[in-house]
Amino acid sequence: MRSIDSEIEKGNFKRVYLLFGNEHYLLARGREKLLAALGVKDKTDMNYSCLDQNSFSVDALIADSDTLPFFAERRVILVMNSGFFKGNKKDKDRLVKYIADIPQTTVIVFVDQEVDKRDRLYKAVSKNGTAEEYKLPQEKELIGWIGGRLKEAGLSMKRDAWDEFYLRTGSSMDLMDQEFEKLAAYCMNKKLIEKKDVEDICANASETIVFALTDAIAARDATRVFNVYQDMLRQNEPAPVIFSLIERQFMQLLQLKRMGGAGASSDLKKKVTGVKNDWALGKLERSAQRFSEAELMHLLSAAAEYEEGYKRSRINDHLAVELLITEAIKKPRPE
């Protein structure tokens, strides 16, 4: 249970909160749950005010905070994206000092995406109130969340369908929520979600389709490679983005190749490569087996050369992608 959930349950509120993190879905729901618990039912309530990055100043915040609530237990102030939790700002020291002197009749709720935990304002809020970070949950927690949604909708999902769904949407709970709603509506009559349904309905993000490209490259299947590449172009994916995704996967393959011999754990492999999904990790490991370490180093060297070429306008970006994938599908070179 989060600290904020416990405080809401007990009705034991602090005078200052900081909600932060890169998981927008959870962050937004945490904010609304806290505001509701604090008694904010109507955003036009005279005892509630919201300051954003355009209207926020330390003077405005202190003036609101020092105003007594009107026929209510407390005044609630929401501060959205102040930008004060990272770097130096005018009046920051004054705000840090004020955090310890917030009136008993006021609760200030800061919501920021970018926060430096070494920052003095962060430390002041942590000392005098509650700071809660909202990050993307692990896959098993997301399985439980989607499992609950499936149960509510009277649906079930095959394991390979979940793997595909997670691969396509697992970078954001907002995206998972949006794509699940579409998928549930599409499969409502048959009650079972299969992999093909996910492929037909859910967004095929560029980070997902590049797995298919890597598969085809590892198999040295030129026709499939260029078909997938054309699919990416038809989705209006910029050539530099495609180039970057391919280059990143070559680096991940090299990292996995090197860690495989060292007997690294799956958790360490995911941490080093940035891969979140066990299924995706397995897919990359199988591709890595089809390249030698020398080949991958050669491809990364070629990628650096072609990248410099298009950035210095010696070749265009589409040609750079095509040269890289042509180099990648050549017959394996000896060690």
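The values are calculated or read from the model by the stated rules, or taken from the named source; none is laboratory data. Keep in mind that what you see is a predicted model, and the values were worked out from it rather than measured. Positions of Cβ are generated from backbone atoms using ideal geometry, with glycine treated the same way; all protein chains shown enter the neighbour counts. Just so you know, the surface numbers come from the protein's heavy atoms only, side chains and all, with ligands and any DNA or RNA stripped out. Shrake-Rupley method; radii C 1.70, N 1.55, O 1.52, S 1.80 Å.
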Original post:
Looking at (1) small (Gly, Ala, Ser); (2) over 29 Å from the mean Cα position of the chain (by Cα); (3) outside any helix (DSSP H, G or I), which is the one condition that is false for Ala294?
Top reply: (3)
Original post:
How many of the residues in the range 213-231 are among the β-branched types (Val, Ile, Thr) and either open to solvent by 50 Å² or more (accessible area, probe 1.4 Å) or at pLDDT 85 or above (or both)?
Top reply: 3
Original post:
Any idea which of Lys276, Lys283, Lys257, Lys331 is farther than 24 Å from Phe165 by Cα and either outside any helix (DSSP H, G or I) or at pLDDT below 85 (or both)?
Top reply: Lys331
Original post:
Among all residue pairs at least 6 apart or on different chains, which show Cβ distances below 6 Å where the first residue, located in the range 286-302, is closer than 13 Å to Lys330 by Cβ and the second is acidic (Asp, Glu) and open to solvent by less than 10 Å² (accessible area, probe 1.4 Å)?
Top reply: none
**OP:** State which residue is modelled with the lowest pLDDT when the search covers only the range 169-203 and only residues that are open to solvent by less than 20 Å² (accessible area, probe 1.4 Å), part of a helix (DSSP H, G or I) and under 22 Å from Leu136 (Cβ atoms).
**Re:** Thr169
Original post:
What residue, of Leu38, Leu51, Leu34, is touching a strand residue (DSSP E or B) at 6+ places or on another chain (Cβ under 9 Å), buried (at least 18 other Cβ atoms within 10 Å of the Cβ) and within 28 Å of Met176 (Cα to Cα)?
Top reply: Leu34
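Here's the yes/no breakdown for (1) crowded, with 20+ Cβ neighbours inside 10 Å; (2) at positive phi; (3) of a type in the set (S, T, N, Q); (4) in a loop (DSSP other than H, G, I, E, B):
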position: Phe71; (1), (2), (3), (4): no, yes, no, yes
position: Val79; (1), (2), (3), (4): yes, no, no, no
position: Gly87; (1), (2), (3), (4): no, yes, no, yes
position: Pro103; (1), (2), (3), (4): no, no, no, yes
position: Val107; (1), (2), (3), (4): yes, no, no, no
position: Val111; (1), (2), (3), (4): yes, no, no, no
position: Glu114; (1), (2), (3), (4): no, no, no, yes
Subject >> Failed item, numbered, when Gly274 is tested on (1) over 20 Å from the mean Cα position of the chain (by Cα); (2) open to solvent by less than 60 Å² (accessible area, probe 1.4 Å); (3) of a type outside the set (Ser, Thr, Tyr) >> reply: (1)
Original post:
Any idea which residue in the range 280-331 is surrounded by the fewest Cβ atoms within 10 Å (Cβ to Cβ), counting only those that are touching an Asp or Glu at 6+ places or on another chain (Cβ under 7 Å) and over 20 Å from Leu254 (Cα atoms)?
Top reply: Tyr310
Subject >> Checklist (1) more than 18 Å from Ala212 (Cα to Cα); (2) part of a loop (DSSP other than H, G, I, E, B); (3) modelled with pLDDT under 90 applied to Ile315, failing item >> reply: (3)
**OP:** Tell me, please, whether a residue that is without any contact (Cβ under 8 Å) to a residue 60 or more places away in the chain, open to solvent by 50 Å² or more (accessible area, probe 1.4 Å) and over 20 Å from Lys123 (Cα atoms) can be found in the range 14-29.
**Re:** yes
Original post:
If we keep just the residues of the range 13-67 that are assigned to a helix (DSSP H, G or I) and among the hydroxyl-bearing types (Ser, Thr, Tyr), which is farthest from Asp174 (Cα to Cα)?
Top reply: Ser65
